[in-house]
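The values are calculated or read from the model by the stated rules, or taken from the named source; none is laboratory data. Computed from a predicted model, the values in this text were never measured in an experiment. Every residue, glycine among them, receives a Cβ derived from its backbone with ideal geometry; neighbour counts consider all protein chains shown.
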Amino acid sequence: MNKENEKYLIKGEKGKWEVVIGLEVHAQVTSSSKLFSGSSTKFGAEPNTQVSLVDSAFPGMLPVINEYCVQQAIKTGLGLNAKINTYSVFDRKNYFYADLPQGYQISQFKNPIVGEGKITLDLPNGSKTIGIERLHLEQDAGKSIHDLDPTSTYVDLNRSGIALMEIVSKPDLRSPYEVGVYVKKIRSIMRYLGTCDGNMQEGSLRADVNVSVRQEGDKKLGTRCEVKNVNSIKFMQLAIAYEAQRQVDLLESGKSFYQETSFFDIKKNETRSMRSKEDAHDYRYFPDPDLLPLNLDKELIEKIKKNLPELPDQKKDRFIKDYSLNAYEANILVSEKEISDYFEEVVKTSDIKLTKNWITGDLFASLNEKNISILESPIKAKQLASLINSISSGLISGRAAKEVFEIMKETGGDPIKIIEEKNLKQKSDPKELEDLIDKILQANKDKVSQYKSGKDKLFGFFVGQTIKISGGTANPQLVNNILKNKLK
Amino acid sequence: MSDIAKKNLTEIVSLIKKKELKSEELTECFIKNINKDKKLNSFITNCSELALEKAKQFDKNPKLETLLPGVPIAVKDLFCTQGIKTTAGSKMLESFIPNYESTVTKNLWNEGAFLLGKLNCDEYAMGSSNETSYFGNVINPIAENTVPGGSSGGSASALAADLTPTTIGTDTGGSIRQPASFTGTVGLKPTYGLCSRWGVVAFASSLDQAGPMTKTVEDCALMLEAMAGFDEKDSTSIKKKKENYSKKLTDNIKGLKIGIPKEYRVDGMPKEIDQLWENGKKILRESGAEIIDISLPNTKYALPTYYIVAPADASSNLARYDGVKYGFRSSKANNLNEMYENTRSEGFGDEVKRRILIGTYVLSSGYYDAYYIKAQKVRQLIKNDFDQSFKKVDAILTPSTPSAAFKIGEKKDDPISMYLNDIFTVPVNLAGIPAISIPAGTDSNNYPLGLQLIGKPLDEQKLLNIAFAAEKKINFKQNLNRWWEK
């Protein structure tokens, strides 16, 4: 496997092959109701409990566009630095399937709501711009359940009609790693905007991955294969690696292949063909006569633009400027909106450097360990700020702070209370410390004379002893000063 | 008592409002007639018992300020009616009972009317003779063996035979106006978007429009008033306040300009149609209107355009009838594809299959541009023709159909000849504008013939006024010998 900062190339017998990847991300629009009906979109409901007459395509039922979903699409388009089309059209994509009640999916074909845009990826050796081809709105289908009964298929229409945004990239991606960064970036932008929760386990974000290979230096695109409906970044990366290698092997052995559609078998870790170009569906797209073309008010777009929240790239620039972070640190802190919010709440009252280190260090480690998100963290921002401020003010030592943190991450308790209970308060009373140090010097007379005869290194021993015997509560700065005086 | 059933809607409403007629008595008159309907076959579902119940309820607590107080109405079986079988004339929906009510029928019931029954129609409204219905042919009461037209054939037949005081149909390419013309009744296709399509089984979404079928123009105004209105559940519904068509109805049409399109003078048109048209011009001129020759140059492309656009919509609209969720499902299937194939092969009739095939073909990749896109362009040209003409005239006068009612079976195996029947009505649907057919004379067999008046978008009032004036002068009298009761 190539390293992250190396160009991703597949070495074959006949030279090096470049992998060209384009993504069609399907993102579920955050909306309480469906794209063309008032049914709820809540995840995890009992099968067929969130289905209206429209969703189940009863005779005479008609779709009515959910304007909130349209606004969400505009927002996302603006977040992708894309052109918003004031005129767009809903088309019918016709095909038969048991979980597609209408016998067609309402989508946007020729005239999508969002046109070309671009996003910037931060890669180890610099940034890279990925072109966005388009974004369009479409309905999701229902779900066929094949494993409940040996002879029948069950259909759950809860998903039927839920609004999706299909975000199509240009074929600008060149490695599985870039694809990972790209998907995370798109997800981050949508989460900042509140237009898609990006929850891949619940199917809110999935992608069709288009893969082709060409010899290094070639300008022409190779024949591509589309791997359908991959629902995790890891599987996308595995699918690309497998599919690219398969294509290279075929081409190197002199075989050509046709454009085809496949799926990724996660158990066997391989892509398998679903249908070739010859059996490709003819979807017979045509404008849905039940819906008028979508004519957007320029003012509406302007209004949404004005109220757009700060996006990851802007926030990153601001963090670098305001908090003197480097690009790497800023990237980590803005990668998810919740993390940046957390950081900003802590840093509001606390030291920047300590805040940055505690969040990216101990806090992230504890979250990883428990496999939870920052929102689920038992240590809330205010508590972490209080802990950090206890260090800054000299109330506790850094070492004691670690101990307090260990308790906080289990109990979520208040750091001040923990410090008091565990008696971790830093001893900063010079009299008290002097007494303690006197005792230590008394007990180590031999070492004192060694020190005085020139063994400077022993100074550290006295400091260590003092801290140790104080149970980590002695203020190191004070200990230093007192020791220096006494050992003169 | 049977005379009551002969009365027009306006007279009936007036009697009820004056408390000279009980809804129950009225309803019984129609039920009596319906029970002798066997030969006409105009009903698919008879709701007599339910109607009587509703009539009694009405009489107990009559709401007389409504537009249709205590009036029983049978409707085309394309309108979904809550708790009542809605078949669309198809085996596919033979036992389908919706748990919802179409907006248009709900509007009628809100005005004091109630359901009398569901009327036969061509399967999914695809047909011009009511011969494609899974529930059998409907006969035109004007003569044995004649078709009532289609697709609202059951509606026209029931209305003409006094089985319902008024009715509603749907018109995708002439399905209200052609049967009205064949049965000597009045039929209006409103502006696209005036009446909600919600809850109406869809045929061609961009053309379908519900409308009233009545005995008189005044009845037509009253019914349109009751059924029309903005519906937020239909995205193509027009936002517009309700009109009082019946109150504003006048036969004063002095100074109005009526256009006569030369392209509607088709080759081989019977002489009597020509005479009918001439007579129409004469009458309107006598009423003070000005007759102006106009040209609608793209008329000749209307029928081929229609037979691309309508089947395209239909092929997609009818995809939902797949046996998965409701309606007919073939029992002879071992897997999903077989279920689709067998369900749709057994559930749909020939004409529906023909149109699904045409529609699928014209939308297919490689043919889409040559057929569908071209048809949409021509459709715009046809609309432009009308727009241009309406700069010069207030309405357009044409014959409703190129012939009177034909014999059952006469055109059944010749789809092109059948489709040609809609030649005068189809352009109106493509343009989305309103048109009304009124009885205006008879042919040599004494079969009724209709004249069509075409108006500007949302100009139904003027159209009704002109029709009202013409109706007075024409003074058409329906004389049925009620052969089917014998």
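On the given criteria, is A:Lys11 among the basic types (Lys, Arg) and either within 15 Å of A:Leu100 (Cα to Cα) or buried (at least 17 other Cβ atoms within 10 Å of the Cβ) (or both)? So A:Lys11 does not fit the description; no. Candidates in segment A:298-319 are the residues that are acidic (Asp, Glu) and touching a residue at least 40 places away in the same chain (Cβ under 8 Å); of these, the one that is nearest to the other protein chains (Cβ to nearest Cβ) is A:Glu310.
No other residue among B:Gly280, B:Gly268, B:Gly288 is at positive phi and either of a type in the set (Asp, Glu) or at pLDDT 95 or above (or both) apart from B:Gly288.
Only residues that are away from chain A (no Cβ under 14 Å) and either surrounded by fewer than 24 Cβ atoms within 10 Å (Cβ to Cβ) or in a strand (DSSP E or B) (or both) were counted in segment B:68-82, giving 4. Screening A:Asn307, A:Asn368, A:Asn331, A:Asn326 for residues that are within 21 Å of A:Lys409 (Cα to Cα) and surrounded by fewer than 19 Cβ atoms within 10 Å (Cβ to Cβ) leaves exactly one candidate, A:Asn368. Pick from segment B:434-459 the residues that are in contact with a helix residue (DSSP H, G or I) (Cβ under 6 Å, 6 or more places away or on another chain) and not in a strand (DSSP E or B): which of them is farthest from B:Leu194 (Cα to Cα)? Applying the filter and picking the extreme gives B:Asp443.
With the structure loaded, tell me whether A:Ser160 is within 14 Å of another protein chain (Cβ to nearest Cβ) and free of Cβ contacts under 8 Å to residues at least 24 places away in the same chain or whether it fails that test. Answer is no for this residue. Of the residues B:Gly366, B:Gly359, the single one that is among the small types (Gly, Ala, Ser), outside any helix (DSSP H, G or I), without any contact (Cβ under 8 Å) to a residue 60 or more places away in the chain and out of contact with any strand residue (DSSP E or B) (no Cβ under 6 Å at 6 or more places or on another chain) is B:Gly366. A:Glu138 passes every criterion in (1) over 15 Å from A:Leu164 (Cα atoms); (2) assigned to a strand (DSSP E or B) apart from (1).
Checking each residue in segment B:335-391 for being among the β-branched types (Val, Ile, Thr) and more than 10 Å from every other protein chain (Cβ to nearest Cβ) picks out B:Thr343, B:Val352, B:Ile356, B:Ile358, B:Val378, B:Ile382.
With respect to being within 14 Å of another protein chain (Cβ to nearest Cβ) and among the hydrophobic types (A, V, I, L, M, F, W, C), B:Ile260 falls outside the description.
Of the residues making up segment A:257-297, those that are surrounded by 11 or more Cβ atoms within 10 Å (Cβ to Cβ), away from every other protein chain (no Cβ under 12 Å) and touching a residue at least 60 places away in the same chain (Cβ under 8 Å) number 1. For A:Asp122, the conditions (1) among the charged types (D, E, K, R); (2) touching a strand residue (DSSP E or B) at 6+ places or on another chain (Cβ under 7 Å); (3) assigned to a strand (DSSP E or B) are fulfilled apart from (2). Name the residue that is modelled with the lowest pLDDT, counting only residues in segment A:13-26 that are in contact with a helix residue (DSSP H, G or I) (Cβ under 6 Å, 6 or more places away or on another chain) and farther than 20 Å from A:Tyr177 by Cα. The qualifying residue modelled with the lowest pLDDT is A:Lys14.
Of A:Gly131, A:Gly117, A:Gly103, all but one fail to be in the same structural domain as A:Ser204 (by TED's automatic domain parsing), modelled with pLDDT of 95 or more, under 26 Å from the mean Cα position of the chain (by Cα) and crowded, with 19+ Cβ neighbours inside 10 Å; the exception is A:Gly117. Of B:Ser155, B:Ser102, B:Ser133, B:Ser129, which residue is closer than 14 Å to B:Leu78 by Cα and under 14 Å from the mean Cα position of the chain (by Cα)? Sole residue among the options that is closer than 14 Å to B:Leu78 by Cα and under 14 Å from the mean Cα position of the chain (by Cα): B:Ser155. All told, A:Lys110 falls short of being assigned by TED's automatic domain parsing to the domain that holds A:Thr49 and closer than 29 Å to A:Val334 by Cβ. Taking the residues in segment A:356-409 that are of a type in the set (Lys, Arg) and touching a residue at least 40 places away in the same chain (Cβ under 8 Å) as candidates, determine which candidate is nearest to A:Gly472 (Cα to Cα). Of everything passing the filter in segment A:356-409, A:Arg399 is nearest to A:Gly472 (Cα to Cα).
Whether a residue is farther than 20 Å from B:Val217 by Cβ and at pLDDT 95 or above was assessed, and B:Ala302 passes this test.
Checking the structure you have, find out if any residue of segment A:134-154 is out of contact with any Pro (no Cβ under 9 Å at 6 or more places or on another chain), more than 30 Å from A:Lys298 (Cβ to Cβ) and of a type in the set (Phe, Trp, Tyr).
No, the conditions are met nowhere in segment A:134-154.
Looking across A:Leu157, A:Leu193, A:Leu205, one residue alone is in contact with a helix residue (DSSP H, G or I) (Cβ under 8 Å, 6 or more places away or on another chain) and buried (at least 22 other Cβ atoms within 10 Å of the Cβ). It is A:Leu205. Here is a check on your reading of the model: is B:Asn317 facing another protein chain (nearest Cβ under 9 Å) and modelled with pLDDT under 95? So B:Asn317 does not fit the description; no. Residue under question is B:Thr398, and the condition is that it be crowded, with 16+ Cβ neighbours inside 10 Å and either under 24 Å from the mean Cα position of the chain (by Cα) or facing another protein chain (nearest Cβ under 10 Å) (or both); does it hold? Spelling it out, B:Thr398 is indeed crowded, with 16+ Cβ neighbours inside 10 Å and either under 24 Å from the mean Cα position of the chain (by Cα) or facing another protein chain (nearest Cβ under 10 Å) (or both).
In segment A:310-322, how many residues are among the aromatic types (Phe, Trp, Tyr) and either modelled with pLDDT under 95 or surrounded by fewer than 16 Cβ atoms within 10 Å (Cβ to Cβ) (or both)? Counting residues in segment A:310-322 that are among the aromatic types (Phe, Trp, Tyr) and either modelled with pLDDT under 95 or surrounded by fewer than 16 Cβ atoms within 10 Å (Cβ to Cβ) (or both) gives 0.
Screening A:Leu123 against (1) at pLDDT 95 or above; (2) away from chain B (no Cβ under 14 Å); (3) touching an Asp or Glu at 6+ places or on another chain (Cβ under 8 Å) leaves a single unmet condition, (1). Within segment B:207-251, the residues that satisfy the criterion of being among the acidic types (Asp, Glu) and assigned to a loop (DSSP other than H, G, I, E, B) are B:Asp208, B:Asp231, B:Glu232, B:Asp234, B:Glu243, B:Asp251.
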